[in-house]
Amino acid sequence: MRNGMHTDRERCVRAVQSKDARFDGWFFTAVLTTRIYCRPSCPAVPPKPENMTFHPSAAACQQAGFRACKRCRPDASPGSPQWNHRADLVARAMRLISDGVVDREGVPSLAARLGYSTRQIERQLLAELGAGPLALARAQRAQTARLLIETTALPMSRIAFAAGFSSIRTFNDTVREVFALAPGDLRARVPRSTGGRPAGPAASPPGALTLRLPFRTPLNPDNLFGHLAATAVPGVEEWRDGAFRRTLRLPYGHGIAALTPRPDHIGCRLTLSDLRDLPVAISRCRRMLDLDADPVAVDEQLRTDPALAPLVDKAPGRRVPRTVDEAEFAVRAVLGQQVSTAAARTHAARLVTAHGEPVGDPEGGLTHLFPEPAALAALDPESLAMPRTRRTTLTTLVRRLADGELRLGADSDWQHTRAQLLDLPGFGPWTADVVAMRALGDPDAFLPTDLGIRRAARALGLPSTPAALTARASAWRPWRAYAVQYLWATDSHPINFLPV
């Protein structure tokens, strides 16, 4: 674990001097002589150790009066893996801030969602991250503004409000303070195409933004994109021209994301009905692809088991394929109970056609947003082509989601929510744990009753009964969800292969 790594000065200095990209996002280096802050892998000549100070977040650096390095762009580094593997108050707050809650609803709403007072939230974030929720949200707004300035030809006034700033003056002041350049000067540094626009999105359709989503290496795209493509719901998701595409339901409107695996980044093209949704769309795409994981820490732990070590060595860097909508995934998990992947897709497609919200897609075959729980709560159970017990499971789930009795989101407490799911009729350990793993993001969720897992366990000489396998898997904690991916990958199922 690297929690509080910024306090280990000797280790931080070694990481900076070796330009170790594995630590990007874990801490930030502020240079006292230049008043800039960098990621550990900054290509510039490392400063003298006595001129280095270390901070846990970009927001903390900005609050301390440092500006972002123009070479390594520390504000655009992968997010801290801490928010992926932790479920405490600070981690849940950071996931909500990343999802734009502070910008849309304010700090009091953030605190209310988490069940704490505003003062408690601010105190804990300040103690661990060196910045409160407003400063953390401001740092995210600054990064969104930079992205729009450098990748679009939008007027600065539109960028200011799309990035979440309350006024153009605040936008100008923040950009100058964080990047040491005025917005116009920041755009002037970007290479331009012949049309006078920033060169990046020149080939994109009107209204689309082309981005690069960074990640920590290694990243194995096979099971990640293979799983998403093999289980894609027609009309909502598809694999087209080397990219996984899907519709997004967002706070201010809707969007379409096209995600393409590259050796050193994920190509991301977003088409949004409202640009204010940009930071949330990016956050949800990163979360779906598990891009803020720490694959080195995961693989090191799993390699300690002789049965898993060959799997990890053969294809390191597997991620957990997740979701952009937790409630949607829970519905799909129920539809997939005890049926094939193809049957689950058919059931989901019928719900989408009957209850989803239509959207346009000039580039492909996406037609709908996945229906919200409120829309599904009104459906006639007799219209569902599935056993009566599963109908009851589905209708109970969507009713609880629609009336707010059950909340699934970035702020979910994993253990409490898992207990709530197990209280629902028809929800056994497999369904609750697959929701915990792929929707809630619990990196330690485990599926000892899964047939694919038990088959893989037998082939590897591992115990195959659920109780014995769970006991053996205790050595894989807190990364058992990643062990599931390695075990599943021993099968020839399409979920394990990058589509061609």
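The values are calculated or read from the model by the stated rules, or taken from the named source; none is laboratory data. In this text, all values refer to a predicted model and were calculated from it rather than measured experimentally. Here Cβ is always computed from backbone atoms with ideal geometry, including for glycine, and neighbour counts include all displayed protein chains.
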Tabulated pairs, the stretch 289-311, first touching a residue at least 60 places away in the same chain (Cβ under 8 Å), second surrounded by fewer than 16 Cβ atoms within 10 Å (Cβ to Cβ) and outside any helix (DSSP H, G or I), C-beta under 7 angstrom, 6+ apart or interchain: P295/P218; A307/G461
Every residue from the stretch 358-404 that is among the charged types (D, E, K, R) and loosely packed, with under 11 Cβ neighbours inside 10 Å: D380, E382, R388
Residues being more than 23 Å from Q143 (Cβ to Cβ) and among the aliphatic types (A, V, I, L, M) - total across the stretch 92-117: 3
L408 being under 27 Å from A112 (Cβ atoms) and part of a loop (DSSP other than H, G, I, E, B): yes
Of all residues making up the stretch 295-320, the number that are under 22 Å from the mean Cα position of the chain (by Cα), buried (at least 22 other Cβ atoms within 10 Å of the Cβ) and in a loop (DSSP other than H, G, I, E, B): 2
Test: residue in the stretch 246-253 that is surrounded by 18 or more Cβ atoms within 10 Å (Cβ to Cβ), at pLDDT below 95 and outside any loop (DSSP other than H, G, I, E, B): no
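Let's see how each residue does on (1) farther than 18 Å from W488 by Cα; (2) touching a helix residue (DSSP H, G or I) at 6+ places or on another chain (Cβ under 6 Å); (3) of a type in the set (F, W, Y):
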position	(1), (2), (3)
G409	yes, yes, no
Q420	yes, no, no
D423	yes, no, no
T431	no, yes, no
M437	no, yes, no
D444	no, yes, no
P448	no, yes, no
G461	no, no, no
Flag for G4 being at pLDDT below 90, loosely packed, with under 13 Cβ neighbours inside 10 Å and not hydrophobic (A, V, I, L, M, F, W, C): yes
Those helices (runs of 4 or more DSSP H) lying entirely in the stretch 6-124 with at least 1 residues in contact with a strand residue (DSSP E or B) (Cβ under 9 Å, 6 or more places away or on another chain): 9-17, 58-63
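Given the criterion crowded, with 17+ Cβ neighbours inside 10 Å, within 23 Å of R276 (Cβ to Cβ) and assigned by TED's automatic domain parsing to the domain that holds A127, identify the matching residue among R104, R95.
Sole residue among the options that is crowded, with 17+ Cβ neighbours inside 10 Å, within 23 Å of R276 (Cβ to Cβ) and assigned by TED's automatic domain parsing to the domain that holds A127: R95.
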Residue pairs meeting the criteria (Cβ under 6 Å; at least 6 apart or on separate chains; first closer than 22 Å to R86 by Cα and without any contact (Cβ under 8 Å) to a residue 12 or more places away in the chain, in the stretch 413-434; second part of a helix (DSSP H, G or I) and not hydroxyl-bearing (S, T, Y)): L422/A432
